[in-house]
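The values are calculated or read from the model by the stated rules, or taken from the named source; none is laboratory data. Given the structure is predicted, the values throughout are model-derived calculations rather than measurements. Positions of Cβ are generated from backbone atoms using ideal geometry, with glycine treated the same way; all protein chains shown enter the neighbour counts.
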Amino acid sequence: MLALLMPSALLANPEVPVNAEKSETKDVSSEVVEHIMNHVADANENHIATIHEAGVEKHISLPLPCILYNKSTGKLSVFMSSKLHDSHEGYDGYKMDNHTNRVVDAETGKRDTFYDFSITKNVFNMLLGFFILTIIFFTIKAAYVKRAGQAPTGIQSFFEPIIQFLIDEVAIPNLGAKYEKFLPYLICVFFFILINNLLGLVPFIGGINSSGNISFTLVLAMCSLLLINLNGNKHYWQHIFAMPGVPKWVLVILTPIELLGVVLKPAVLMLRLFGNITGGHIAVLAIVSLIFIMGKMGTTIGGATAGGAIAIPILLFVNAMELFVAFLQAYVFTLLTAIFIGAAIEDHHHAEENH
């Protein structure tokens, strides 16, 4: 009866205490959680893979520029992150934290002694996405110029239906006759979010979580906030500060609520994109981690094989969902932005008809 209740690893080695096995499992789980959280966080280098040769662990990573300004000495240090792996002492007063892959002060081990203007892996991903989109858009522009009035071909034929969809289903219904003024921003924000989402699904460049970074979504939300409110018409601001037909004493309550709504609109854009993309990355990494957790617990290849048999089918489904979410979140961010802009520029008489 005891044999049925004991894990196979304990039967193979009866001298291993039960508490030690539980402790080892707990340590593995904690290590997995740490790796997942470090992976979705930003870093000063783009970690690609870890290999083991002759019992030595080696990290394969893409070095990135470190641009650091020391607060106390006023010294500006510029070097590649690979310099920090050449010695245990670090380089120029800085070292790499092996757990977070972030540059820290070599003496204190903290990051509060300097300003970090480095090209981190999230910035690298954004620059890569910008570079790819620049090539694509200029290629499409050249095709339109060269083949004016002709049917689209090649990459032009792939992107034209997407752009036309944004015009017909997002811009015109929400912005009306003024849609052309805001169309460049809507197209750019859609494809910029999309390319960063898709690059985050490519494993060999690190699976970078740039669009799941709160700073990334915050800046995009602030851009939308400025665009919405700088183009708001008289009716839009009157609705916030002096709603027609409402007693003044009621405005004391309603105006702060309306002002809160102005801030909540970009907050919705920011948190929706951040939460969905980050959650997707964590889900994928957690499923992959089943292989390593079960392999460690079983002490044989059997545990890892069982973990792989469970994880791989689920992983394929989740990755397919991640691909769908990459397009969906870019679309939702663009659609909500168009809706908010449309509400800000809506004509007074048109608003009354809709109401």
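It is to be established whether one or more residues within the range 269-279 are surrounded by fewer than 17 Cβ atoms within 10 Å (Cβ to Cβ) and more than 26 Å from ALA343 (Cα to Cα).
Yes.
Looking only at the range 106-136, which residues are surrounded by 13 or more Cβ atoms within 10 Å (Cβ to Cβ), of a type in the set (Val, Ile, Thr) and more than 18 Å from SER77 (Cβ to Cβ)?
ILE132, ILE136, listed by residue number.
Please specify each residue of the range 66-105 satisfying the condition of being small (Gly, Ala, Ser), outside any strand (DSSP E or B) and crowded, with 16+ Cβ neighbours inside 10 Å.
Across the range 66-105, the qualifying residues are SER81, GLY90, GLY93.
Name, by its number, the condition in (1) free of Cβ contacts under 8 Å to residues at least 40 places away in the same chain; (2) farther than 30 Å from PHE190 by Cβ that does not hold for ALA142.
(2)
Could you go through the range 223-232 and let me know if any residue there is closer than 17 Å to ALA338 by Cα, modelled with pLDDT of 90 or more, surrounded by fewer than 16 Cβ atoms within 10 Å (Cβ to Cβ) and not aliphatic (A, V, I, L, M).
Yes; the residues of the range 223-232 include at least one that is closer than 17 Å to ALA338 by Cα, modelled with pLDDT of 90 or more, surrounded by fewer than 16 Cβ atoms within 10 Å (Cβ to Cβ) and not aliphatic (A, V, I, L, M).
Looking only at the range 15-49, filter to residues that are hydrophobic (A, V, I, L, M, F, W, C) and assigned to a helix (DSSP H, G or I); which one of those is modelled with the highest pLDDT?
Per the criteria, the residue is VAL40.
Sort out which residues of the range 188-212 are over 16 Å from ILE228 (Cα atoms) and among the aliphatic types (A, V, I, L, M), and write them in order of number.
Answer for the range 188-212, where residues must be over 16 Å from ILE228 (Cα atoms) and among the aliphatic types (A, V, I, L, M): ILE193, LEU194, ILE195, LEU198, LEU199, LEU201, VAL202, ILE205, ILE208.
If you check ILE195 against the conditions, is it over 30 Å from GLU258 (Cβ atoms) and crowded, with 20+ Cβ neighbours inside 10 Å?
It is true that ILE195 is over 30 Å from GLU258 (Cβ atoms) and crowded, with 20+ Cβ neighbours inside 10 Å.
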